[in-house]
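Reviewing the structure listed below.
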Amino acid sequence: MASNASLLSGDDAVSGVPIPADWRDFVALTKPRVMTLVVFTGLCGLLVAPGHLPPILAFTAILCIALGAGAAGALNQWYEADRDARMKRTARRPLPAGRMDRQAALHFGVGLSFFSVLLMGVAANWFAAAILAVSILFYVFVYTIWLKPRTAQNIVIGGAAGAFPPLIGWAAVTGGVAPLPIALFMLIFFWTPPHFWSLALFVRMDYANAGIPMLPVVAGEAATRRQILLYTGIMAAAALAPVVLGLTGLIYGAVALVGTGLFALMAVQVALHRESDPARMGPEKRLFKYSVLYLFLMFAAVVVDHWVHLA
Amino acid sequence: MTPEEEQLIRARQRSRSIVMALVLGALALLFFGITIAKMAG
C-alpha cells in the first residue's frame with residue numbers, strides 16, 4: 001500500500017503534511033464541460049433508436065456514457081499532467097496545480113472505467129458495454145498516448161473517440177448498430193477537426209510551449225485555415241447524408257442545411273482571415289463557439305425529426 | 001501539525017466522506033431500480 005504522502009496532494013501540503021484532494025477536484029478531473037456534449041449526443045442516439053428501454057435502464061445507460069467519458073478524461077489528465085502544466089489553458093487543472101496526487105487520479109480513472117463498462121453491461125447489454133470500453137481505450141491509448149504527442153493528425157483520427165456516444169446510446173437500446181448511428185458517428189468525426197483547429201489557431205503558442213504538434217504549430221496557420229475549410233466540406237457531406245439517404249426527415253434536413261451553411265460561411269471567413277495575433281482572431285473564436293452550438297442543434301434536430309415522424 | 005493544518009485535513013476528509021455516502025446511497029437506489037426493471041422485463 002502506498003504511503004499517506006504518496007496518496008495526498010502537493011501544493012495543498014502544509015508544513016510537509018499532505019492534504020487530501022477535495023472532492024470537487026475529482027469532479028474537475030472528469031472534464032464536466034466536455035462531458036455535456038458527450039452525454040447529449042449519447043442521449044440523442046438512445047432516443048432515436050427503435051425499441052424500448054425502461055426509463056431507469058435508459059438513465060443508467062446515459063450515466064455510464066457520462067462516467068466512461070469522465071474516466072477517459074481523468075486518465076487523459078493523469079497522463080498529460082506535465083504537459084498541462086505548461087499550457088495556460090490547462091495549468092489550473094487539479095494535477096498540474098498540485099491539488100491532487102497523480103496516483104489518486106490514475107486509480108480514480110481506472111476504477112471509473114471498469115465501473116462504467118460493467119454497469120453498462122449489466123443494465124443495458126454487453127455490446128453497448130464493449131463499444132463504451134473501446135471508446136475509453138481509444139481515447140486513452142490511441143489519442144492521448146499515441147497520436148497526440150506524435151502527429152498533427154492527432155485530432156483527425158483521435159476524433160473517433162468523441163464520436164462513439166450516439167453509437168453507444170443506440171446500441172444500449174437495440175443491442176446493435178444501424179446506418180443512422182453510423183451517420184451520426186461520421187458527423188462528429190468530421191466535425192472534430194474544424195472544431196479543434198479553430199481553437200488551436202488562437203491557443204497555438206500554448207500548444208507550442210507544451211510541445212504538442214497541433215496542426216498550426218507544425219504546418220502553420222495558413223495550412224490550418226485551408227484544412228478547416230476542407231474538413232468543413234467533408235463534414236457538410238456527412239451532415240446532409242442522413243437526409244439524402246432517407247434516414248431522417250425534412251426537419252433535420254432544414255436544420256442541417258441552414259446550420260451547416262452557417263458553419264461553412266464561418267469556415268470561409270477563417271480561411272480568408274490573415275491574422276496571427278490571438279487577440280484579433282474574431283472569426284476563429286466565433287467558429288469555435290458556433291461549432292459547439294452546431295452539434296447540439298444537429299443532434300436535437302435528429303430527435304425532433306424522429307418524434308415528429310412518430311406522431 | 002498545527003491545529004489549523006489538522007482542521008483543514010479533517011474538513012477535507014469530512015466533505016469527502018459526505019460525498020461518498022451520498023454516492024453510495026444513490027448507487028444503492030440505482031441498483032434497486034435496475035433489479036426491479038430487469039425482473040419486470
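Inspect all residues belonging to region A:59-74 and state whether any of them is touching a residue at least 24 places away in the same chain (Cβ under 8 Å), touching a helix residue (DSSP H, G or I) at 6+ places or on another chain (Cβ under 7 Å), within 14 Å of another protein chain (Cβ to nearest Cβ) and more than 25 Å from residue A:189 (Cβ to Cβ). Can you show your working first?
Residues of region A:59-74 touching a residue at least 24 places away in the same chain (Cβ under 8 Å): A:60-74.
If we keep only those that are touching a helix residue (DSSP H, G or I) at 6+ places or on another chain (Cβ under 7 Å) as well, we get A:60-62, A:64-74.
This time we only want the ones that are within 14 Å of another protein chain (Cβ to nearest Cβ), so: A:60-62, A:64, A:66-67, A:70.
Then keep just the ones that are more than 25 Å from residue A:189 (Cβ to Cβ); that gives A:60.
Within region A:59-74, one or more residues are touching a residue at least 24 places away in the same chain (Cβ under 8 Å), touching a helix residue (DSSP H, G or I) at 6+ places or on another chain (Cβ under 7 Å), within 14 Å of another protein chain (Cβ to nearest Cβ) and more than 25 Å from residue A:189 (Cβ to Cβ).
Tally time: how many residues in region A:35-58 are away from chain B (no Cβ under 11 Å) and touching a residue at least 24 places away in the same chain (Cβ under 8 Å)?
16
Can you find a residue that is at pLDDT 95 or above, away from chain B (no Cβ under 14 Å) and not in a helix (DSSP H, G or I) anywhere in region A:86-97? Spell out the reasoning first.
Within region A:86-97, the first condition is being at pLDDT 95 or above, and the residues that meet it are none.
Checking region A:86-97: not a single residue is at pLDDT 95 or above, away from chain B (no Cβ under 14 Å) and not in a helix (DSSP H, G or I).
If residue A:177 passes every condition in (1) assigned to a helix (DSSP H, G or I); (2) surrounded by fewer than 21 Cβ atoms within 10 Å (Cβ to Cβ); (3) of a type in the set (A, V, I, L, M, F, W, C) but one, which one does it miss?
(1)
Within region A:24-34, which residues are within 11 Å of chain B (Cβ to nearest Cβ) and touching a helix residue (DSSP H, G or I) at 6+ places or on another chain (Cβ under 7 Å)? It would help to see each step written out before you state the result.
Within region A:24-34, the subset within 11 Å of chain B (Cβ to nearest Cβ) is A:24-27.
Once the filter is applied, which keeps residues that are within 11 Å of chain B (Cβ to nearest Cβ) and touching a helix residue (DSSP H, G or I) at 6+ places or on another chain (Cβ under 7 Å), region A:24-34 yields only A:26.
So is residue A:256 under 20 Å from residue A:185 (Cβ atoms) and of a type in the set (Gly, Ala, Ser) or not?
On the way: under 20 Å from residue A:185 (Cβ atoms): yes; of a type in the set (Gly, Ala, Ser): yes.
Criteria met by residue A:256.
Please go through region A:230-263 and pick out each residue that is buried (at least 16 other Cβ atoms within 10 Å of the Cβ) and hydrophobic (A, V, I, L, M, F, W, C). First the steps, then the outcome.
We begin by selecting, within region A:230-263, every residue buried (at least 16 other Cβ atoms within 10 Å of the Cβ); these are A:231-232, A:235-236, A:238-243, A:247-249, A:251-253, A:255-256, A:259-260, A:263.
Once the filter is applied, which keeps residues that are buried (at least 16 other Cβ atoms within 10 Å of the Cβ) and hydrophobic (A, V, I, L, M, F, W, C), region A:230-263 yields A:235, A:236, A:238, A:239, A:240, A:241, A:243, A:247, A:251, A:255, A:256, A:263.
Kindly evaluate residue B:39 against the criterion of being open to solvent by 80 Å² or more (accessible area, probe 1.4 Å) and within 9 Å of chain A (Cβ to nearest Cβ). Give the steps one after another, and end with the answer.
Numbers: open to solvent by 80 Å² or more (accessible area, probe 1.4 Å): yes; within 9 Å of chain A (Cβ to nearest Cβ): no.
Judged against the criteria, residue B:39 is not a match.
Of the residues that sit in region A:112-129 and are under 16 Å from residue A:71 (Cα atoms) and in contact (Cβ under 8 Å) with a residue 12 or more places away in the chain, which one is most open to solvent (accessible area, probe 1.4 Å)?
First, the residues of region A:112-129 that are under 16 Å from residue A:71 (Cα atoms): A:112-120, A:129.
Still in the running and in contact (Cβ under 8 Å) with a residue 12 or more places away in the chain: A:112-113, A:115-117, A:119-120, A:129.
Values: A:112: 30, A:113: 16, A:115: 65, A:116: 0, A:117: 30, A:119: 6, A:120: 1, A:129: 2 Å².
Only one residue fits best here, namely A:115.
Please tell me if residue B:19 is surrounded by 13 or more Cβ atoms within 10 Å (Cβ to Cβ) and either within 29 Å of residue A:58 (Cα to Cα) or touching a Ser or Thr at 6+ places or on another chain (Cβ under 9 Å) (or both). First the steps, then the outcome.
On the way: surrounded by 13 or more Cβ atoms within 10 Å (Cβ to Cβ): yes; either within 29 Å of residue A:58 (Cα to Cα) or touching a Ser or Thr at 6+ places or on another chain (Cβ under 9 Å) (or both): yes.
Answer is yes for this residue.
Quick one: which helices (runs of 4 or more DSSP H) sit completely within region A:117-173 and have at least 1 residues that are within 17 Å of residue A:193 (Cβ to Cβ) and away from chain B (no Cβ under 14 Å)?
Values: elements: A:126-137, A:154-158, A:160-163.
In region A:117-173, A:154-158, A:160-163 are the helices (runs of 4 or more DSSP H) which contain 1 or more residues that are within 17 Å of residue A:193 (Cβ to Cβ) and away from chain B (no Cβ under 14 Å).
Sort out which residues of region A:162-172 are open to solvent by less than 30 Å² (accessible area, probe 1.4 Å) and either hydroxyl-bearing (Ser, Thr, Tyr) or in contact (Cβ under 8 Å) with a residue 40 or more places away in the chain (or both), and write them in order of number.
Hits for region A:162-172 are A:165, A:166, A:167, A:168, A:169, A:170, A:171, A:172.
Tally time: how many residues in region A:181-192 are touching a Leu at 6+ places or on another chain (Cβ under 9 Å) and open to solvent by less than 20 Å² (accessible area, probe 1.4 Å)? Step through it out loud before you land on a result.
Kept after step one, since they are touching a Leu at 6+ places or on another chain (Cβ under 9 Å), are these residues of region A:181-192: A:181-185, A:187-188, A:191.
Subset that is open to solvent by less than 20 Å² (accessible area, probe 1.4 Å): A:181, A:183-184, A:187-188, A:191.
Going through region A:181-192 one residue at a time, the tally reaches 6.
For residue A:277, only one of the following conditions fails: (1) modelled with pLDDT under 95; (2) closer than 18 Å to residue A:188 by Cβ. What is its number?
Residue A:277 satisfies every listed condition except (2).
Taking the condition out of contact with any strand residue (DSSP E or B) (no Cβ under 7 Å at 6 or more places or on another chain), β-branched (Val, Ile, Thr) and modelled with pLDDT of 95 or more, does residue A:41 pass?
It is true that residue A:41 is out of contact with any strand residue (DSSP E or B) (no Cβ under 7 Å at 6 or more places or on another chain), β-branched (Val, Ile, Thr) and modelled with pLDDT of 95 or more.
Within the group B:8, B:22, B:30, which residue is in a helix (DSSP H, G or I), more than 8 Å from chain A (Cβ to nearest Cβ) and hydrophobic (A, V, I, L, M, F, W, C)?
Details: B:8 fails: more than 8 Å from chain A (Cβ to nearest Cβ); B:30 fails: more than 8 Å from chain A (Cβ to nearest Cβ).
That would be B:22, the only listed residue that is in a helix (DSSP H, G or I), more than 8 Å from chain A (Cβ to nearest Cβ) and hydrophobic (A, V, I, L, M, F, W, C).
The values are calculated or read from the model by the stated rules, or taken from the named source; none is laboratory data. None of the values given here were measured: they were computed from a predicted structure. Don't worry about glycine lacking a Cβ; one is built from the backbone with ideal geometry, like all the others, and counts go over all protein chains shown. Side chains included, ligands, DNA and RNA excluded: accessible areas come from the protein's heavy atoms. Shrake-Rupley method; radii C 1.70, N 1.55, O 1.52, S 1.80 Å.
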